[in-house]
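Participant: Please read through the structure below; I'll follow up with questions.
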Amino acid sequence: MNNNREMLLREVLSVIAHNNNICITSHINPDGDSIGSVLALGLALRRNGYDNITLFIPDEIPKNLLFLPGVDLIKKEITAEKIQTLIALDCGDLERIGINKISLSSIDTIINIDHHITNTSFGNINIINPDSSSTGEMIYEILKFMKVEIDRDIATSIYAAISSDTGSFKYDNTSPITHIIASNLLSIGIDINEININLYQSRSIEKTNLLIASLNTMEIFKEGRIALVIVTREMIKSCNATISDADTIIDFIRDIDGVEVACILKEVEDNVIKVGLRSKNYVDVSIIAKCFNGGGHMKASGCTIHSSIEQGKLLILKEIENSVG
Ligand code: 5GP
Ligand code: MN
């Protein structure tokens, strides 16, 4: 850990120590890294005597994460007036916190802990490490720095966070440190079989049907270097699925031989299209996402486009085609 980060962490610890009402939150449309990180830090602080801690995620928790220890502690609503310190985990910008669902005006201090290269440093204290595979990996290092015991429950959440963001240790954000941390977590006695079955082998039939419906919309551009699918609200309804069931569809089209950029357009509301982007080798999709006020990582990014799905498709395709060359 570098000196600057160590200094910031000391500042974080001092804020936590002096503050009674702490809320730990993460981004809307939560994933394994966000939920795992919130639970790991939340459980660790609670088990070390900080009992005035609220865990808050403003959206539905994906079903495959409901096995994580302590998940019942996460609240979907909070009374923001009572919060003095907000710890935002894995949020690249303020909007990702679900700004409509929380009033930030009464909050004294925002602590921003994240690994997105596009992070806007929106906090009063910002600990950003784009070299970290996941926010879960950062939480591990923070708990070690705090000399807090990482028990089996906490280790399970951290492992799930890291595994989710590294595509189960496949992506090149996986570093030697990532593997060392994973090894330490395994030594604590986590049940890797239980974690993997929940994360990767429990797809519901509704989610499977949505995957099939969405793959049926697949279009290929630029001699096979771009693959694009859509998910409409109508498709979600007819499959009896939810919007979070669309989360991993993009991986299936990225994994096609020759595809460099995969794109999914999800219709969230009328004229609100959530775009997911993935690349495999050379395209920095965070630059494409930034054109639409989004962000993320070089190989995994997202943004929201306010238009019809057809119009959104044309807009994003133009940018992708330019970047693929
Ligand atoms: P996903 O496609 O899985 O929703 O997101 C991929 C990556 O892009 C994640 O790291 C996520 O944090 C980031 N991301 C997705 N949507 C947005 C967005 O609207 N704004 C920003 N800043 N990042 C996003
Ligand atoms: Mn993350």
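Participant: Quick check on this structure: which one of 81, 77 is in contact with a helix residue (DSSP H, G or I) (Cβ under 9 Å, 6 or more places away or on another chain) and not hydrophobic (A, V, I, L, M, F, W, C)?
Facilitator: Of 81, 77, the one residue that is in contact with a helix residue (DSSP H, G or I) (Cβ under 9 Å, 6 or more places away or on another chain) and not hydrophobic (A, V, I, L, M, F, W, C) is 77.
Participant: Determine which member of the set 69, 30 is touching a residue at least 12 places away in the same chain (Cβ under 8 Å), touching a Pro at 6+ places or on another chain (Cβ under 9 Å) and of a type outside the set (Lys, Arg).
Facilitator: Unique residue meeting the criteria: 30.
Participant: What is the one condition in (1) out of contact with any helix residue (DSSP H, G or I) (no Cβ under 7 Å at 6 or more places or on another chain); (2) within 16 Å of ligand 2 (Cβ to nearest atom) that residue 276 does not satisfy?
Facilitator: So residue 276 meets the others, but not (1).
Participant: Every residue in the stretch 84-109 that is buried (at least 20 other Cβ atoms within 10 Å of the Cβ) and within 16 Å of residue 38 (Cα to Cα), please.
Facilitator: 85, 86, 87, 88, 89, 90, 91, 92, 96, 97
Participant: Which of (1) in contact (Cβ under 8 Å) with a residue 40 or more places away in the chain; (2) under 25 Å from residue 4 (Cβ atoms) does residue 122 not meet, given it meets every other one?
Facilitator: (1)
Participant: Scan the stretch 278-298 residue by residue and report those that are within 18 Å of the chain's Cα centre (by Cα), more than 7 Å from ligand 1 (Cβ to nearest atom) and buried (at least 21 other Cβ atoms within 10 Å of the Cβ).
Facilitator: 278, 279, 285, 286 - these are the residues of the stretch 278-298 that are within 18 Å of the chain's Cα centre (by Cα), more than 7 Å from ligand 1 (Cβ to nearest atom) and buried (at least 21 other Cβ atoms within 10 Å of the Cβ).
Participant: Next question, about the same structure. In the stretch 76-86, is there at least one residue being away from ligand 1 (no atom under 13 Å from the Cβ), more than 21 Å from residue 61 (Cα to Cα), at pLDDT below 95 and out of contact with any strand residue (DSSP E or B) (no Cβ under 9 Å at 6 or more places or on another chain)?
Facilitator: Yes, the stretch 76-86 contains at least one residue that is away from ligand 1 (no atom under 13 Å from the Cβ), more than 21 Å from residue 61 (Cα to Cα), at pLDDT below 95 and out of contact with any strand residue (DSSP E or B) (no Cβ under 9 Å at 6 or more places or on another chain).
Participant: Taking the residues in the stretch 110-124 that are surrounded by 18 or more Cβ atoms within 10 Å (Cβ to Cβ) and touching a helix residue (DSSP H, G or I) at 6+ places or on another chain (Cβ under 7 Å) as candidates, determine which candidate is nearest to residue 12 (Cα to Cα).
Facilitator: My answer is 111.
Participant: Go through the stretch 244-258 residue by residue and tally those that are crowded, with 19+ Cβ neighbours inside 10 Å and in contact with a Gly (Cβ under 7 Å, 6 or more places away or on another chain).
Facilitator: 1
Participant: Got a number for residues in the stretch 162-180 being closer than 13 Å to residue 131 by Cβ, more than 14 Å from ligand 2 (Cβ to nearest atom) and at pLDDT 95 or above?
Facilitator: Result for the stretch 162-180: 3.
Participant: Test of understanding: among 8, 55, which residue is part of a strand (DSSP E or B) and not β-branched (Val, Ile, Thr)?
Facilitator: Just one listed residue meets the conditions, 55.
Participant: Can you tell me which residues in the stretch 11-52 are within 16 Å of ligand 2 (Cβ to nearest atom) and assigned to a helix (DSSP H, G or I)?
Facilitator: Passing the criteria: 32, 33, 34, 35, 36, 37, 38, 39, 40, 41.
Participant: May I pose another question? Determine, yes or no, whether residue 44 is surrounded by 16 or more Cβ atoms within 10 Å (Cβ to Cβ), over 19 Å from the mean Cα position of the chain (by Cα) and modelled with pLDDT of 95 or more.
Facilitator: Against the criterion (surrounded by 16 or more Cβ atoms within 10 Å (Cβ to Cβ), over 19 Å from the mean Cα position of the chain (by Cα) and modelled with pLDDT of 95 or more), residue 44 qualifies.
The values are calculated or read from the model by the stated rules, or taken from the named source; none is laboratory data. Note that the structure is predicted; figures quoted are calculated from it, not measured. Here Cβ is always computed from backbone atoms with ideal geometry, including for glycine, and neighbour counts include all displayed protein chains.
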